[in-house]
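Notes follow the structure.
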Ligand SMILES: Nc1ncnc2c1ncn2[C@@H]1O[C@H](COP(=O)(O)OP(=O)(O)O)[C@@H](O)[C@H]1O
Ligand SMILES: O=P(O)(O)O[C@H]1O[C@H](CO)[C@@H](O[C@H]2O[C@H](CO)[C@@H](O)[C@H](O)[C@H]2O)[C@H](O)[C@H]1O
């Protein structure tokens, strides 16, 4: 049984965790000024411990992280990233690298066990078994390994059939992903997600449950849709230098299928008879004010970021940035319409961070993953119901990203003028957007309570396209400065569409060619 005394706790907090956490891919606080690392709870899980570590910062809210913990002998082969500390006699490791810990996780979910995790019985580790876990996959002989997926969480595979995601940064609530995946698996006909197989929750008396992990059926994915769309574009791009605009019928079929699956996902989430967490809601005043506030706040932050980084941008990107800055009033006026427009469409729980990378391809069909919601949003925001057009806008933006990234960054097109590339890229994007969107609406047999009229459809789609592109601008400035022009082009495109809705006299002048 793993044991930690006060001296060890102190040592870990002071001497070990600052460097260990900062070297871990899953730690989200690397760029923040860290104050301290404190083991807030040590939860007993069979022979193992799960440490709940609070990281506090000099500014902003603190964060909670989960670190499974155990001591093993020095001769046990542990990947470097799993070794928390080596002593002369043993090594302290992240317990996910111990086969016994993984067995314990699987067995607890399989048996839907609830274990006391503190001596005073005030907290429990409760496992739930989902419909996707077969009774015949008994824990005794199940093989397991940690997946090399290096992201903000850790992942394990059991018997080649079950994928378990262990959440690292914890929310003080049930993770939205568990709510979404279990709802779709257990209360809808939607089949294009990996079925929910179970979860592990930390339960505390008088406080909200905290999700520690979720298990789903494993997907043998050939690739994700970002890669698939890249293949479409590689094919398309060969014709471009020869003045050919050719898209294979197969591409339209795949984009149509994605529109259909997206529609079916939203139909699965449209559940008028469901309880409060999933029942559709109206565009009431509080929600409208929330949306406006969110967009205005995002715009303020993005304008500030753009000004701070303006000198680092190349000239064509600076020109796009200018169009965006000049259009602030137009954008603000458009955004304010959210308060006053008649909107009878309904809103529901949605994916929340929907893009081509979140759709895997398997056996010629699509499987949708990663329902955790938008990384920048708070946990409460991630559970808010939205128009499903927020997801649709996310996917449309993704097609725009795919074609922009390919045509403007590839060797094959380097001798073509940016004006010409812009025309070709716009044409490809519009065709995909239209194909995807038509197939999406078709899945509902429009009209539908989620999309009340063509006016509402146009307005909501434009609103969420704008919001998404403005969100992406921040993501690119922070992580991929050479791609800043992609969301800026997306913003300019929305500006042009807003202009079209206005009288010609208030159209702003085109300061530059958006290239
Ligand atoms: N059910 C699954 N089966 C197999 N692999 C999966 C499954 N779900 C996700 N993956 C793989 O793990 C990666 C990370 O999953 P994701 O849900 O995006 O986690 P994160 O939010 O930590 O990035 C995906 O890109 C995919 O390659
Ligand atoms: O890591 P997540 O999948 O949660 O999402 C974040 O990273 C995405 C990039 O990996 C980012 O997506 C943006 O870039 C994609 C291409 O790399 C593009 O397909 C998306 O349309 C675009 O939004 C996403 O915004 C961010 O939340």
Item to complete: With the condition kept exactly as written, say whether any residue in the range 387-401 is outside any strand (DSSP E or B), out of contact with any helix residue (DSSP H, G or I) (no Cβ under 6 Å at 6 or more places or on another chain), in the same structural domain as residue 280 (by TED's automatic domain parsing) and within 16 Å of ligand 1 (Cβ to nearest atom).
Response: yes
Discussion item. Can you tell me which residue is surrounded by the fewest Cβ atoms within 10 Å (Cβ to Cβ) among those in the range 146-162 that are in contact (Cβ under 8 Å) with a residue 24 or more places away in the chain and away from ligand 2 (no atom under 16 Å from the Cβ)?
Written reply: 160
Item to complete: Among the numbered conditions (1) in contact with a helix residue (DSSP H, G or I) (Cβ under 9 Å, 6 or more places away or on another chain); (2) assigned to a helix (DSSP H, G or I), tell me where residue 322 comes up short.
Response: (1)
Response to the item:
The lone condition residue 133 fails out of (1) part of a strand (DSSP E or B); (2) farther than 21 Å from residue 169 by Cα; (3) under 28 Å from the mean Cα position of the chain (by Cα) is (1)
Fill in: Of all residues in the range 181-227 being within 16 Å of ligand 2 (Cβ to nearest atom) and in a strand (DSSP E or B), the one that is farthest from residue 160 (Cα to Cα)
224
Worksheet item: Within the range 63-75, how many residues turn out to be surrounded by fewer than 13 Cβ atoms within 10 Å (Cβ to Cβ) and either touching a residue at least 40 places away in the same chain (Cβ under 8 Å) or in contact with a strand residue (DSSP E or B) (Cβ under 8 Å, 6 or more places away or on another chain) (or both)?
Response: 2
Worksheet item: Can you tell me which of 450, 460, 421 is more than 14 Å from ligand 2 (Cβ to nearest atom) and in contact with a strand residue (DSSP E or B) (Cβ under 7 Å, 6 or more places away or on another chain)?
Response: 450
Practice prompt. Examine the range 246-253 for a residue that is within 23 Å of the chain's Cα centre (by Cα) and modelled with pLDDT of 95 or more, and state whether such a residue exists.
Written response: no
Worksheet item: Residues in the range 29-57 that are surrounded by fewer than 16 Cβ atoms within 10 Å (Cβ to Cβ), out of contact with any helix residue (DSSP H, G or I) (no Cβ under 6 Å at 6 or more places or on another chain) and not in a strand (DSSP E or B): how many?
Response: 4
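The values are calculated or read from the model by the stated rules, or taken from the named source; none is laboratory data. Worth saying up front: this structure is predicted, and the values here are computed from it rather than measured. Don't worry about glycine lacking a Cβ; one is built from the backbone with ideal geometry, like all the others, and counts go over all protein chains shown.
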